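What follows is a single structure, written as structure tokens, with notes after it.
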2 protein chains.
Amino acid sequence: MAKVAVMGYGTVGSGVYDIIKANADRLSRSANGEKVEMKYILDIRDFDDHPEKELFTKDFNDILNDDEVSVVAEVMGGLHPAYEFTKSLLESGKSVVTSNKELVATYGTELLEIARGKNVNYFFEASVGGGIPIIRPMHQCLTANNILKIAGILNGTTNYILDKMITKGETFEAALKDAQDKGFAERNPAADVEGHDACRKIAILASLASGKMVDYNDIETEGITNITLNDVKYAAAMDSAIKLIGYAQFGEDGKIYSIVSPMIIKNDNPLSSVDGVFNAIMVTGDCVGDVMFYGKGAGKLPTASAVVADIVDAVKHNERSKKIFWEKTEKNVMADKSSKKFSYFIRTSDLAENVMKIFGKCEFVDNIVDNESAFVTQPLTQAEAEEKMSKLTDVVANIRVLD
Amino acid sequence: MAKVAVMGYGTVGSGVYDIIKANADRLSRSANGEKVEMKYILDIRDFDDHPEKELFTKDFNDILNDDEVSVVAEVMGGLHPAYEFTKSLLESGKSVVTSNKELVATYGTELLEIARGKNVNYFFEASVGGGIPIIRPMHQCLTANNILKIAGILNGTTNYILDKMITKGETFEAALKDAQDKGFAERNPAADVEGHDACRKIAILASLASGKMVDYNDIETEGITNITLNDVKYAAAMDSAIKLIGYAQFGEDGKIYSIVSPMIIKNDNPLSSVDGVFNAIMVTGDCVGDVMFYGKGAGKLPTASAVVADIVDAVKHNERSKKIFWEKTEKNVMADKSSKKFSYFIRTSDLAENVMKIFGKCEFVDNIVDNESAFVTQPLTQAEAEEKMSKLTDVVANIRVLD
């Protein structure tokens, strides 16, 4: 019998409870015959009408001090007190599983190190891509590969908004309002539309792929708030779509280049057809080539099902660390910005003649807006692109093209 | 130090050798510090020019009787002697990993049972989808889900042929010849184009998802040899594509419906845009919804990288069975054909009026070929569809529509 606890009875936490209740037998078979039983639910709110209200506690110490509890799911979100709770639990020899991307991206290095030292596990499958299996497949199934590149649609809210702009011709503002009305976007949508959520997720994936801590503060992050309907139409005219991409590239020198930015993606890339609130992560390995993982990146049961799979794995690996981790390195692991070139899609009111003088060879797109030039540059570093753009009369739009 | 052996030094076997040689350090880290070293390569051919020719043996007993060897990769293909070798190795307490879908689909139940009894592992990640992580993610990451449905593009050769027909307007015969010239299709292409390869793979996935042995002989299998260029054009006119799909559906009564057949897939389904030799498997779980795994389904290094990941996992789980298995049940696990309805796309020289008399409500497609009716029926069982089609003057084409 494995006793588990859940911290946080919100959307994901209640999903975890529901799945464990409904699937006790199958989960027990998956956990090598160990029955998985919920012993505590930690939440500061009252749930007096809950059929198992006796499980609820407001005192974290009930969980921490109960030797019967071997695995705890932290699905409360936020940094504090999630960090302090997780640290105490790991130090006391309990495994912790989480959907909390902010916590993993911020304190993951330290928490994984503690877990390793205590020979327990800190699993975080649900922190990236919701229910999509990505952490474990990358760590285990692609272990024979040097990961060369990751490009992912990691935020369902922004993908929904861009998809509405693409398929329904809605403006950014209208699409955002629609997403808010449907509950896909928060009232304060900054974390999503400004790319911060995707940034934390690509930081986790890049850390996992490289074994070195990638600080999300070091990742240049650009959101989708500047993307206009005309940009989307230009992309369509180029047989492409605009998506918010979390990108990481791993150099032979061990350096990592990473960015979050809207990118133009050719329609022959499977990422371009990822619709609505779906997420997809394309991972390029030196042996396997491109593999993509696709599914719902958020939502109660998808996310909760990933948390429960982590619980089962933690129960199976009780007191046996699976050694999923990364380390903080002395040296800066981030590659110099100038090491990476992208082609840029640029719109300007300058004439093609002037554009060619500045950018040399580039690919022009039939203009959709009168009196402007729209074109795709040769691959340029960010500094090169900025320097050249500064010579244009104006820049109506500039968007990277995914390679 | 974990000593491993490879049986079969063909495309995949030499890839396994290359990857282990090139990545010794990283694999050792993944295998919890155990160094992975190749001790034998079994092949009946001579490799006197090989830089490590001393590893080669023609005598299986060298491997079987060497207590140092704990994990063996069987990548020789075919049923015999792969079956006898694998059985002997498992019985002697060695773990075996394989890319041999035919062996897993035919003798997997027995071999998994032996592995379980001996507390060793029989892993087969590479047997379905080449380098795409699918077996382990389905088994581990989706463990909180009841799997409801699997629909996969499981054969790269047929997908390449259909893709050429779709994108280049080539006939089936021309596309097949092209695939043969490029080395994607065998001189005798029957196993691919008649669907037998996909059938073995969906049998493995259905067995894994249900925990019950699905005999591939019980799966109705239809290839792509009857698909014409006009069928492909009709599909395009319906915003769809024709793909060869391995399909399995899992009923609440524990019964499994499975079929391999060309299917019409709407373009809003990500499976429709899977191009060339790529594979993709869509798995529907009751919690997670649709998740898709995409990548190269064949090829030396992609497949070998999955075999090597299995080797590493077997080294980590030495003398500890991971309990990936399914069982042969007394009762027939296959659902009655009449339990499943598909819509059918049908072409006939009959007039629409007659079609409607027979099929009732159906959705007509503007005809591409003169003097014929093309339409999509309401969902029908196979018996209903056949009965109604028998009343038509002729049936030029009938293709299931993926739900």
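Collect the residues in segment B:287-313 that are at the interface with chain A (Cβ under 8 Å from one of its Cβ atoms) and of a type in the set (D, E), keeping them in residue-number order.
If the condition is that a residue be at the interface with chain A (Cβ under 8 Å from one of its Cβ atoms) and of a type in the set (D, E), then B:D290, B:D313 are the ones that fit.
Does segment B:90-98 contain any residue that is in a helix (DSSP H, G or I), closer than 25 Å to B:G297 by Cβ and among the β-branched types (V, I, T)?
no
Condition test on B:N217, is it surrounded by fewer than 17 Cβ atoms within 10 Å (Cβ to Cβ), more than 30 Å from B:T329 (Cβ to Cβ) and not assigned by TED's automatic domain parsing to the domain that holds B:V376?
In short, no.
Tally time: how many residues in segment A:13-49 are more than 30 Å from the chain's Cα centre (by Cα), within 14 Å of chain B (Cβ to nearest Cβ) and not small (G, A, S)?
4
Being under 21 Å from A:D215 (Cβ atoms), crowded, with 24+ Cβ neighbours inside 10 Å and either of a type in the set (V, I, T) or in the same structural domain as A:T225 (by TED's automatic domain parsing) (or both) narrows it down to one residue among A:T98, A:T106; which is it? Can you show your working first?
Working: A:T106 fails: crowded, with 24+ Cβ neighbours inside 10 Å.
Selected residue: A:T98, the only one of A:T98, A:T106 that is under 21 Å from A:D215 (Cβ atoms), crowded, with 24+ Cβ neighbours inside 10 Å and either of a type in the set (V, I, T) or in the same structural domain as A:T225 (by TED's automatic domain parsing) (or both).
Please count how many residues of segment B:113-134 are assigned to a helix (DSSP H, G or I), within 12 Å of chain A (Cβ to nearest Cβ) and of a type in the set (S, T, N, Q).
So the count comes out to 0.
Kindly check whether there is at least one residue in segment A:326-334 that is surrounded by fewer than 19 Cβ atoms within 10 Å (Cβ to Cβ) and at pLDDT 95 or above.
Yes, some residue in segment A:326-334 is surrounded by fewer than 19 Cβ atoms within 10 Å (Cβ to Cβ) and at pLDDT 95 or above.
For A:D310, work out the one condition from (1) out of contact with any Asp or Glu (no Cβ under 6 Å at 6 or more places or on another chain); (2) over 24 Å from A:I245 (Cα atoms) it doesn't fulfil.
A:D310 satisfies all of (1) out of contact with any Asp or Glu (no Cβ under 6 Å at 6 or more places or on another chain); (2) over 24 Å from A:I245 (Cα atoms) except (1).
Looking only at residues that are aliphatic (A, V, I, L, M) and within 15 Å of A:A385 (Cβ to Cβ) in segment A:341-374, which one is surrounded by the most Cβ atoms within 10 Å (Cβ to Cβ)?
Taking the candidates together, the pick is A:I346.
Which residue, of A:P262, A:P270, is of a type outside the set (D, E, K, R) and within 10 Å of chain B (Cβ to nearest Cβ)?
A:P270
Find the residue count for segment A:184-211, including only residues that are modelled with pLDDT of 95 or more and basic (K, R).
2
Within segment A:52-111, restricting attention to residues that are within 20 Å of A:G10 (Cα to Cα) and among the acidic types (D, E), which residue is nearest to the chain's Cα centre (by Cα)?
A:E102
Which of the residues that make up segment A:275-327 are assigned to a loop (DSSP other than H, G, I, E, B), touching a Gly at 6+ places or on another chain (Cβ under 6 Å) and not aliphatic (A, V, I, L, M)?
A:G297, A:W326
Here's a check for you: in segment B:154-189, which residue that is in a loop (DSSP other than H, G, I, E, B) and among the polar types (S, T, N, Q) is farthest from B:E222 (Cα to Cα)? Please lay out each step first, then the result.
The initial filter retains those residues of segment B:154-189 that are in a loop (DSSP other than H, G, I, E, B), namely B:154-155, B:169-171, B:182-189.
With the extra rule that they be among the polar types (S, T, N, Q), the set shrinks to B:155, B:171, B:188.
Numbers: B:N155: 13, B:T171: 19, B:N188: 17 Å.
Checking each candidate, the answer is B:T171.
Quick grid of which residues meet (1) among the hydroxyl-bearing types (S, T, Y); (2) at pLDDT below 95; (3) outside the structural domain of A:V232 (by TED's automatic domain parsing):
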{"site": "A:G276", "(1), (2), (3)": "no, yes, no"}
{"site": "A:G289", "(1), (2), (3)": "no, no, no"}
{"site": "A:V307", "(1), (2), (3)": "no, no, yes"}
{"site": "A:D310", "(1), (2), (3)": "no, no, yes"}
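Take the residues of segment A:1-12 that are surrounded by fewer than 24 Cβ atoms within 10 Å (Cβ to Cβ) and over 25 Å from the mean Cα position of the chain (by Cα): which is modelled with the lowest pLDDT?
Step by step, filter segment A:1-12, then rank; the result is A:M1.
It is to be established whether one or more residues within segment B:21-29 are surrounded by fewer than 17 Cβ atoms within 10 Å (Cβ to Cβ) and either hydroxyl-bearing (S, T, Y) or assigned to a loop (DSSP other than H, G, I, E, B) (or both).
no
Could you list, ordered by first residue, the pairs with Cβ atoms under 6 Å in which the first is in segment A:360-386 and assigned by TED's automatic domain parsing to the domain that holds A:V232 and at positive phi and the second is in a strand (DSSP E or B) and not acidic (D, E), at least 6 apart or interchain?
Short answer, once both residue conditions are applied: none.
Every residue in segment A:245-259 that is closer than 19 Å to A:K212 by Cα and assigned to a strand (DSSP E or B), please.
Residues of segment A:245-259 that are closer than 19 Å to A:K212 by Cα, as a first pass: A:246-259.
Once the filter is applied, which keeps residues that are closer than 19 Å to A:K212 by Cα and assigned to a strand (DSSP E or B), segment A:245-259 yields A:G246, A:Y247, A:A248, A:Q249, A:F250, A:I256, A:Y257, A:S258, A:I259.
Determine which member of the set B:N119, B:N188 is outside the structural domain of B:Y257 (by TED's automatic domain parsing) and either more than 18 Å from the chain's Cα centre (by Cα) or surrounded by fewer than 18 Cβ atoms within 10 Å (Cβ to Cβ) (or both).
Every option except B:N119 fails the conditions.
The values are calculated or read from the model by the stated rules, or taken from the named source; none is laboratory data. The structure presented is a predicted model; accordingly, all values stated were derived computationally and were not measured. As a convention, Cβ positions derive from the backbone with ideal geometry for all residues, glycine included, and neighbour counts pool all protein chains shown.
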